[in-house]
Amino acid sequence: MSVFADLGRHPGWPVRLGPLQVRAGTVELRGPRLFDGGKWSRLRLRDRAYLEQWEPTAQEGWDERNATLSWPAQWSSLRGMARRGTTLPFMILVDGEVAGQITVGNIVRGSLLSAWIGYWVAADRAGGGVATAAVALLTDHAFRDAGLHRLEATVRPENAASIRVLTKSGYREEGLFKRYLDVAGQWRDHLCFALTTEEIPDGLVHRLVARGEARLP
């Protein structure tokens, strides 16, 4: 058993990332906490029309699976996967307030060192650079501190906003996955975007700051 397992820790988690200043405010990432449930639920229920069209179909209805009472089980599951080293789960904070989530999941080590990255941001925080900052912070962390080599993200071709976030961040399109995921009750095509650590030797945060799209406090 590794020293990380003995301590309930794995490379890259737990940790707090940021801050990084963008148009919408100061962005930070931290691990999910039990008391996040109320704010998380209010955002998810309020933004159902904005979020549901992009997220996988689930057996439970939207209101049920995003209720405050459903959060403890989700929080416990995320924490357990993080401790086992298969997931890096974070809440996105803007000026100290929960504004979304971002996760690196399905971490495979050995000769692959690969994972996926996914995120959502509250509707009233969209368009202010929050998602781009969060992706940059977590991508750099996954490559530098968590020791990963490749990240990929899948997104529906219709999701222009998320595609802009990924392409601005440096992720390149690799191909189309036909009928890849059940979303909103139908099997949907998804584009695959990916990035490897060799492609960004100075990191995505450095790139955003150099372009004037973010600022380090």
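Just to verify a number: FRET efficiency for F35 and W116, C-beta to C-beta distance, R0 = 41 Å, to 0.05? Taking R0 as 41 Å, the efficiency between F35 and W116 is 0.90. Say R0 is 22 Å: what FRET efficiency, to the nearest 0.05, do W62 and R84 get from their beta-carbon distance? The computed FRET efficiency comes out at 0.20.
Other residues within the sphere of radius under 10 Å centred on the Cβ of G129, judged by their own Cβ, net out at +2 (K and R +1, D and E -1). Between segment 31-106 and segment 126-150, what's the alpha-carbon centroid distance in Å? Going from one Cα centre to the other spans 18 Å.
Please work out how much length the chain gains when fully extended from E97 to Y50, using 0.36 nm per residue of separation minus the C-alpha to C-alpha distance, in nm with one decimal. Result for the pair: 15.0 nm of gain on full extension.
Note: relative contact order over segment 16-211, using C-alpha pairs below 8 Å and six or more positions apart, is 20 percent. When the helices of the chain are scored as -39500 (n - 2.57) per DSSP H run of n ≥ 4 and the total is divided over every residue, the value at 222 nm lands at -8500 deg cm²/dmol.
Each peptide in 123-134, 30-41 was scored by the mean count of other Cβ atoms within 10 Å over its residues; highest first, the order is 123-134, 30-41. If the segment from E173 to S76 were pulled out straight at 0.36 nm per residue, it would be longer than the present Cα-Cα gap by 31.6 nm. Which of the helices in the chain, when you take each full DSSP H run, stretch at least 15 Å along the axis at their Cα atoms and have an average Kyte-Doolittle score of 0.0 or higher? Those that clear 15 Å and a mean of 0.0 are 130-144. In this simple spin-label model, placing a label point 7 Å from the Cα along the Cα-to-Cβ direction at both V108 and E152 gives a separation of 0.8 nm. Cut-off 10 angstrom, C-alpha nodes, Gaussian network model of the chain. Which of T103, T139, T197 fluctuates the most? Looking only at T103, T139, T197, the biggest GNM fluctuation is shown by T197.
Protection proxy ranking, highest mean first, for peptides 56-66, 198-208, 86-96: 86-96, 198-208, 56-66, where packing is the per-residue count of other beta-carbon atoms within 10 Å, averaged.
Here, each number is a calculation from the coordinates, and none is a lab measurement. Remember, predicted model here, so these are calculated numbers, not experimental data. In this analysis, Cβ positions are derived from the backbone assuming ideal geometry, glycine residues included, and neighbour counts consider all displayed protein chains.
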